[in-house]
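Undergrad: Questions regarding the structure given below will be posed in turn.
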Amino acid sequence: MDKNRRNLLKGGVAAGGLGVFGAGYVGPVKKATEGLLSGSAGEPTTDRITGNALTPEFHIDADTGELTPADGQVVSLTQCLGCWTQCGIRARVDTVNNRVLRIAGNPYHPLSHENPRPYADSVRDAYTGLGGDAGIDGRSAACARGAAMLELLDNPQRITQPMKRVGPRGSGEWQTISFEQLIEEVTEGGDLFGEGAVDGLRAIHDTETLMDPENPEYGPVANRLLVTDAGPDGRRDLVKRFTFNAFGTRNFGHHGSYCGLGYRVGSGAFFDDMKGFTHAKPDWDHARFVIFMGTAPAHAGNPYKQQGRQLASARTDRRFEYVVVAPSLPNSSSLATRSNNNWVPIRPAGDSAMAMAMIRWIIDNERYDHAYLSQPGPAARDAAGEPSWSNATHLVVSTEEHALTGRILRGRDLGWTDNADDSVVVDAEAGEWMAHTAPQPAALFVTREVTLADGSRVTVKSAMQRLTEEARRLSLSEYSAECDVPVATIEALARKFTSHGKKSVINTHGGVMNGSAFYTSYAIVMLNAMVGNLNAPGGTFVKGQPFTNTGAGERYDMANFPGKIGPQGIFLSRSRTTYEASSEYQRKVAAGRNPYPAKAPWYPVSPPLFTEHLCSALEGYPYQAKVWINHMGNPIYGQAGLRKAIDERLKDPSRIGLIIGIEPFINETNAYADYLVPDLVTYEGWGFSKAWAGVKQRMTSARWPIVEPRVGKTADGEPLSMEAFLIAVSKRLELPGFGDKAIPDADGNLHPLNSAADWYLRGAANVAWDGGPVAEAAEDDMRLTGVERIAGTLQSHLKPEEWRRAAYVFCRGGRFGKAPAKDAGPVTHWDRPATLWNEMVGSQRHSLSGEYFTGCPTFHPPRFADGSRVERHYPVDQWPLRLTSYKSHLQSPHSIAASRLRQIHPYNPVGINTRDAQAAGIDTGDRVRVVTPGGSVEGVAMLRDGVKRGAVAIEHGFGHRELGARTHTIDGTALPGDESIGAGVNLNDLGLVDPTHSSGNAWLDWVTGASVRQALPARIERVA
Amino acid sequence: MDVSRRQFLGKAAAVTAGVAVMPLSEAEAGLNDQPPRRGGDPNKRYGMAIDLRRCIGCQACTVSCSIENQPPVGQFRTIVHQYEVTDNASEETAAVMLPRLCNQCDNPPCVPVCPVQATWQRKDGIVVVDSDQCVGCGYCVQACPYDARFINHETQVADKCNFCVHRLEAGLLPACVESCVGGARIIGDLNDPDSHINRVLSENYDDVKVLKPELNTRPHVFYIGMTDAFIERIQGESGLWFDSEHGGVMGAVS
């Protein structure tokens, strides 16, 4: 017992302890006595008052305001990868021990601060502004996940050396191998596993020879390589350069199709952007009323953190009301501002009916913005002072089986020589034909017979007319029955929505991922056209552009290089191409057979689909893949039903012969890999990312190695990573665009691509120059942020006039344009029309049924690939419930390894409506089994008023089988799994295999091929 | 659901049934049995305002505090409790977020019960624990009506929020405040009439509440937006989550 304690024994007891002790708590007395005699049994703290708290990163003098950094710490601004929002973060780095201590937000970053610090401010000023009373307004936060992700850096479950499987595929048995052996084996192939010959990359590196002369559209042999990644984490340009332009395969895929693709394609249809699938966000600074249907700001959605802050400010500081329409109550809701927000519970997948009902009510009651919808083009828009224009007045060829069916009538169709490419509209006043480019309004409702230049006679209808007819297919009460929202609620919401002019917005996202995702999304987004809010202050806006980085920049052209290959042939996923153009179709027609159905669905309006790539590659329709390189992608965890659909086929090496996984951890998908390549976590590597949406100003986030990587190194001293792997493979195969002469500068001189720094630092120079060069970094900027540590690398890779400007970008965690004044309204401008009828959709047929897609929003219940309703296969009396999946505000699909995040919410209970559960005799805490036609899981029930009757709500991000949950054996030694990582349930394990999809794939949206995870038919039972 | 959690939910129900709500101006009480304050700046009185209208339940504060102060995994100096409440009349359901932490009371019940004077209130109002002195008896843990204290499993001594006093003294914000995504948490000097916190409290004067004012603990964590009108008709709320297996709500009593 030390002296202090002994002294205090007297004083302490005298000071008031005695009376309490006298109350007779035997345990505490015993413990206290033991503690007094022998000292506490616990581990001593580093400071007696502040315990084990971290040493503050700065000291800011209260009087002078002078900032003094702590010895041995820097504060680095870089990019988060806790989720796909990819915010800018500030990381406190212990430079002595090479550790990240704690993470908060980057004060310059528009995704981390409502009013970000001016870009030109010095780092010292920006950091000083984080302290004291001023720091309240200056604070820039990371979310819980972003703060916790630093644990991944030194996580015991990380892979640090290349590995090769030694057991059967998926067995979890590995041996470590050298990087050189890895590169040799995957390029040259051979009898790699004692299971027979395996084709390596060299064997399929042939961009000349057709793989199948019977089906020339399949393209060259090189297409037998499939490359996938998770998302645009800031490094994708290099992956695409390798995939498309160096190796020359057509096949690339990413997580979009099991993330929010149904939304994106529906939104793309609305924005007339079937390539980039633009999506938009509410203008939070000015909107008066916003409906969130299938998205939940402050709970999830993208950008998660920024929208959380924007919602908090809007509902607290100004006149703002909002409604959340969802099967389960999200954190968007707030009792504290009860008067301005409301939750409308809806049946899972009911959104399509609800949105169509609102469209119908708005049209029937003439509550739409007539002046807006009547402007047929940019000239009329400007003349009328509208913020955007629409194609509501454009005319749709509406005669079935005519060659132009579903197309917008063009001047050339009527034989016009002037304005031949313009759309034809009807002059609102004169009633005559008019080009849509005329500066005056056009008739909104049109149905006419017209003789075309080729002599054929067709019916044309305005897009608004077509939308009206589709909306009136069902009555309000029929829609109400489909979504289980009362007619009165639908009407009230539609009235409210049309009561604030252009300051009403409706927004959606991944909540639409049901069995008719495309039409659900298109209908919801279309409501914005009814109030004409596109580009309007308080309306819907499209984000600002990123700064060019590893693309075709001013300093370096990183998109082009000598010998660049353009990939040929159709995607494995049968997307962005029509079935009718295929040899298969032509052969059937030539043989006099009905060409429908195709062997399996085609997706003419969709981008490449990770959701179909694998099943196609395994089944060989359209063709087989032989090698699959997967960088962090995880559809086996993330795509509903995929595990069940392809598990056996994926484990069979005779189908895809070689699978290479690249990742810092072993995820559920890479667990099937033959080779594992270590990769960097965000704090260790380079990259440039952008905002998905919701940021008005231009912005690009920069990521740089703020600590030394934990992974092994190549013989050249490069950290093992995706970059090191692709560069080594490319050089061994002598692919163009890699090696000593790979990157042209503005003068045409070629610079090397032998390392990650060769690539990203030149990208940084491009960022620094786009839109005018940034200033040079000050020594103080570099010292405070730790960029000083990489200054030598910058100098050795960049030109003398470049390196300090690149350093300026890294010092600030990226480049950010000037934020618009809050009273300015959206500064971005979408120039294409709000598209009431999308002819690219409306002129395509479904490849199984042969029916035309409808080119405007229309109601469809969830259905399978062949068009059949789910209930026909899985009757309601057997499957009475509908599952709804919602994003976690804590866990992303790849954050589970962080223990300080798991501690708050260790698993996800199964949310059941209180009355439903009571009727079934289920109580909170009971173990329950959730069963669907696709599988069953066991979880813990939680009774919630915040779940729609008839729904079961499951939060995403739990129920992992990998990422550390499972024990793997490496070089004969077990790397033990941590069962807390595997806690909870994964809704995707309950996903359905589509009984009408001949390749046996998981259930996908019949239009877009997006994964179906909403409204899965289910039942639930108590586990005894 | 473990026992400590059930107890907390019971208490929370009481809180929301109206016990909590008393305007700041009425929260007057005498100091009783408090030992003299020591240490800290006598000219300052730190307090925290939490604007519940801005809280989105993101738990960034919880994680940031956990990393800053390094309690054992599963024990918390602060956390945000989340409830779903249903209005009996309308049957409408809404979310309630309630950040919890030490209230740095002016009349802290945890201080006088310490047998070894290991915990005391500084002159700036922050209640601190001396981990070298503390014997881990747990009296203070029992005495706190807000479940704000716990015995740290690793150090075996009492642990609690101290407003990140090490950061305040460095001119920086506490971890929970600087990481607050919604901008709900505001810390500052209540003795400074121009401080941010005083501005916010005066702007919302009639809507400032403290937890359990009837205990005369004089909490210095002030809540804005704890709407009692709706709360009185609460049908019964459930914690949206279960606790960590490691312990209870604010860190279990071991």
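The values are calculated or read from the model by the stated rules, or taken from the named source; none is laboratory data. Being a predicted model, the structure only gives us computed values, none of them experimental. Cβ atoms come from the backbone with ideal geometry, glycine included; neighbour counts cover every protein chain shown.
Undergrad: Condition check: under 19 Å from the mean Cα position of the chain (by Cα) and assigned to a helix (DSSP H, G or I). Does A:G266 satisfy that?
TA: Judged against the criteria, A:G266 is a match.
Undergrad: Looking only at the stretch A:811-853, filter to residues that are among the acidic types (D, E) and out of contact with any helix residue (DSSP H, G or I) (no Cβ under 8 Å at 6 or more places or on another chain); which one of those is farthest from A:Q586 (Cα to Cα)?
TA: Just the residues of the stretch A:811-853 that are among the acidic types (D, E), to begin with: A:823, A:831, A:839, A:851.
Narrowing the set further to residues that are out of contact with any helix residue (DSSP H, G or I) (no Cβ under 8 Å at 6 or more places or on another chain) leaves A:823, A:839, A:851.
On the way: A:D823: 58, A:E839: 24, A:E851: 18 Å.
Restricting to residues being among the acidic types (D, E) and out of contact with any helix residue (DSSP H, G or I) (no Cβ under 8 Å at 6 or more places or on another chain), the top hit is A:D823.
Table: residues versus (1) buried (at least 24 other Cβ atoms within 10 Å of the Cβ); (2) without any contact (Cβ under 8 Å) to a residue 24 or more places away in the chain; (3) in contact with a helix residue (DSSP H, G or I) (Cβ under 9 Å, 6 or more places away or on another chain).
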position	(1), (2), (3)
A:F859	yes, no, yes
A:S895	no, no, yes
A:Q903	yes, yes, yes
A:V910	yes, no, no
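Undergrad: Select, from A:K690, A:K644, A:K651, the only residue that is of a type in the set (K, R), surrounded by fewer than 24 Cβ atoms within 10 Å (Cβ to Cβ) and under 30 Å from A:A280 (Cα atoms).
TA: Step by step, each of A:K690, A:K644, A:K651 is checked, and only A:K690 is of a type in the set (K, R), surrounded by fewer than 24 Cβ atoms within 10 Å (Cβ to Cβ) and under 30 Å from A:A280 (Cα atoms).
Undergrad: Among A:K275, A:K305, which is buried (at least 24 other Cβ atoms within 10 Å of the Cβ) and among the basic types (K, R)?
TA: Criteria check complete, one pass: A:K305.
Undergrad: Does the stretch A:272-282 contain any residue that is over 20 Å from the mean Cα position of the chain (by Cα) and facing chain B (nearest Cβ under 9 Å)? Even if it seems obvious, please write down each step before you answer.
TA: Start the filter on the stretch A:272-282 by keeping residues that are over 20 Å from the mean Cα position of the chain (by Cα), which leaves A:272.
From what's left, facing chain B (nearest Cβ under 9 Å): none.
Within the stretch A:272-282, none of the residues are over 20 Å from the mean Cα position of the chain (by Cα) and facing chain B (nearest Cβ under 9 Å).
Undergrad: Considering only residues that are more than 9 Å from chain A (Cβ to nearest Cβ), in contact with a Gly (Cβ under 9 Å, 6 or more places away or on another chain), under 17 Å from B:C58 (Cα atoms) and in a loop (DSSP other than H, G, I, E, B), which ones fall in the stretch B:76-105?
TA: Matches in the stretch B:76-105: B:R77 only.
Undergrad: Only one of B:V73, B:V116, B:V135, B:V111 is over 14 Å from the mean Cα position of the chain (by Cα), surrounded by fewer than 22 Cβ atoms within 10 Å (Cβ to Cβ), facing another protein chain (nearest Cβ under 9 Å) and not in a strand (DSSP E or B). Can you tell me which?
TA: B:V73
Undergrad: Could you list, in sequence order, the residues of the stretch A:172-195 that are without any contact (Cβ under 8 Å) to a residue 60 or more places away in the chain and farther than 27 Å from A:E734 by Cβ?
TA: Result: A:G194, single match.
Undergrad: Further question: Quick one: A:P56 ticks every box in (1) more than 8 Å from chain B (Cβ to nearest Cβ); (2) modelled with pLDDT of 95 or more except a single one, so which number is it?
TA: (1)
Undergrad: Hey, does the stretch B:83-94 have a residue that's at pLDDT 95 or above and crowded, with 19+ Cβ neighbours inside 10 Å? Working first, answer last.
TA: The initial filter retains those residues of the stretch B:83-94 that are at pLDDT 95 or above, namely none.
Within the stretch B:83-94, none of the residues are at pLDDT 95 or above and crowded, with 19+ Cβ neighbours inside 10 Å.
Undergrad: I've got another one for you. What tally of residues in the stretch A:1007-1024 results from selecting those that are assigned to a loop (DSSP other than H, G, I, E, B) and either free of Cβ contacts under 8 Å to residues at least 40 places away in the same chain or touching an Asp or Glu at 6+ places or on another chain (Cβ under 8 Å) (or both)?
TA: As a first pass, look at the stretch A:1007-1024 and keep what is assigned to a loop (DSSP other than H, G, I, E, B): A:1007-1010, A:1012-1015, A:1023-1024.
Those left that are additionally either free of Cβ contacts under 8 Å to residues at least 40 places away in the same chain or touching an Asp or Glu at 6+ places or on another chain (Cβ under 8 Å) (or both): A:1009, A:1012, A:1023-1024.
Looking only at that region, the number is 4.
Undergrad: Looking at A:R412 and the list (1) over 38 Å from the mean Cα position of the chain (by Cα); (2) assigned to a loop (DSSP other than H, G, I, E, B), which single condition is not satisfied?
TA: (2)
Undergrad: Taking into account only those residues within the stretch A:338-361 that are over 30 Å from the mean Cα position of the chain (by Cα) and surrounded by 21 or more Cβ atoms within 10 Å (Cβ to Cβ), which is nearest to the other protein chains (Cβ to nearest Cβ)?
TA: My answer is A:W361.
Undergrad: Exactly one of these conditions fails for A:I159: (1) touching a Ser or Thr at 6+ places or on another chain (Cβ under 8 Å); (2) farther than 20 Å from B:Q59 by Cβ. Give me its number.
TA: (1)
Undergrad: Now, a different point. Show the residue pairs meeting these rules: Cβ distance below 6 Å; 6+ apart or different chains; first residue within the stretch A:150-167 and closer than 22 Å to A:I660 by Cβ; second residue among the β-branched types (V, I, T).
TA: A:L152/A:V681; A:T160/A:V711; A:Q161/A:T176; A:P162/A:I177; A:P162/A:V677; A:M163/A:T176; A:K164/A:I177
Undergrad: Go through (1) among the small types (G, A, S); (2) modelled with pLDDT under 90; (3) on the phi > 0 side of the Ramachandran plot for B:G183 and report which single condition fails.
TA: (2)
Undergrad: Another question, if that's okay. Which residues, taken from the stretch A:131-146, are free of Cβ contacts under 8 Å to residues at least 60 places away in the same chain, surrounded by 20 or more Cβ atoms within 10 Å (Cβ to Cβ) and not charged (D, E, K, R)?
TA: Across the stretch A:131-146, the qualifying residues are A:G135, A:I136, A:G138, A:S140.
Undergrad: So, in the stretch B:149-163, how many residues would count as being more than 8 Å from chain A (Cβ to nearest Cβ) and either closer than 18 Å to B:Q117 by Cα or touching a helix residue (DSSP H, G or I) at 6+ places or on another chain (Cβ under 6 Å) (or both)?
TA: 6
Undergrad: Would you be able to tell me the number of residues in the stretch A:253-277 that are touching an Asp or Glu at 6+ places or on another chain (Cβ under 9 Å) and over 25 Å from A:H829 (Cβ atoms)?
TA: Residues in the stretch A:253-277 being touching an Asp or Glu at 6+ places or on another chain (Cβ under 9 Å) and over 25 Å from A:H829 (Cβ atoms): 6 in total.
Undergrad: What single numbered condition from (1) at the interface with chain A (Cβ under 7 Å from one of its Cβ atoms); (2) assigned to a helix (DSSP H, G or I); (3) under 21 Å from B:V96 (Cα atoms) fails to hold for B:H166?
TA: Among (1) at the interface with chain A (Cβ under 7 Å from one of its Cβ atoms); (2) assigned to a helix (DSSP H, G or I); (3) under 21 Å from B:V96 (Cα atoms), B:H166 violates only (3).
Undergrad: Is it the case that some residue within the stretch A:175-192 is in a loop (DSSP other than H, G, I, E, B) and under 27 Å from the mean Cα position of the chain (by Cα)?
TA: No; the residues of the stretch A:175-192 include none that is in a loop (DSSP other than H, G, I, E, B) and under 27 Å from the mean Cα position of the chain (by Cα).
Undergrad: Does the stretch A:729-736 include one or more residues that are out of contact with any helix residue (DSSP H, G or I) (no Cβ under 8 Å at 6 or more places or on another chain) and without any contact (Cβ under 8 Å) to a residue 40 or more places away in the chain?
TA: Checking the stretch A:729-736: at least one residue is out of contact with any helix residue (DSSP H, G or I) (no Cβ under 8 Å at 6 or more places or on another chain) and without any contact (Cβ under 8 Å) to a residue 40 or more places away in the chain.
Undergrad: Let me ask something else about it. Got a number for residues in the stretch A:230-263 being β-branched (V, I, T) and surrounded by fewer than 24 Cβ atoms within 10 Å (Cβ to Cβ)?
TA: The qualifying residues number 1.
Undergrad: Among the helices (runs of 4 or more DSSP H) lying completely within the stretch A:291-379, list those that include at least 2 residues that are closer than 18 Å to A:E482 by Cβ.
TA: Passing ranges, in order: A:351-364.
Undergrad: In addition: Hey, any hits in the stretch A:816-838 for a residue that's of a type in the set (D, E, K, R) and crowded, with 18+ Cβ neighbours inside 10 Å?
TA: No, the stretch A:816-838 contains no residue that is of a type in the set (D, E, K, R) and crowded, with 18+ Cβ neighbours inside 10 Å.
Undergrad: Then there's this: Based on this model, can you work out whether A:L467 counts as in contact (Cβ under 8 Å) with a residue 12 or more places away in the chain, hydrophobic (A, V, I, L, M, F, W, C) and buried (at least 21 other Cβ atoms within 10 Å of the Cβ)?
TA: Spelling it out, A:L467 is indeed in contact (Cβ under 8 Å) with a residue 12 or more places away in the chain, hydrophobic (A, V, I, L, M, F, W, C) and buried (at least 21 other Cβ atoms within 10 Å of the Cβ).
Undergrad: Please go through the stretch A:942-958 and give me each residue that is more than 18 Å from B:T93 (Cβ to Cβ) and assigned to a strand (DSSP E or B), ordered by number.
TA: Answer for the stretch A:942-958, where residues must be more than 18 Å from B:T93 (Cβ to Cβ) and assigned to a strand (DSSP E or B): just A:I954.
Undergrad: Let me ask something additional. Within the stretch A:635-666, can you find the residues that are part of a loop (DSSP other than H, G, I, E, B), farther than 23 Å from A:G200 by Cα and in contact with an Asp or Glu (Cβ under 9 Å, 6 or more places away or on another chain)? I'd like the intermediate steps shown before the answer.
TA: Here is the first cut: in the stretch A:635-666, the ones part of a loop (DSSP other than H, G, I, E, B) are A:639-641, A:652-657, A:663-666.
From the residues that got through so far, the ones that are farther than 23 Å from A:G200 by Cα too are A:639-641, A:664-665.
Hits for the stretch A:635-666 are A:A640, A:G641, A:P664, A:F665.
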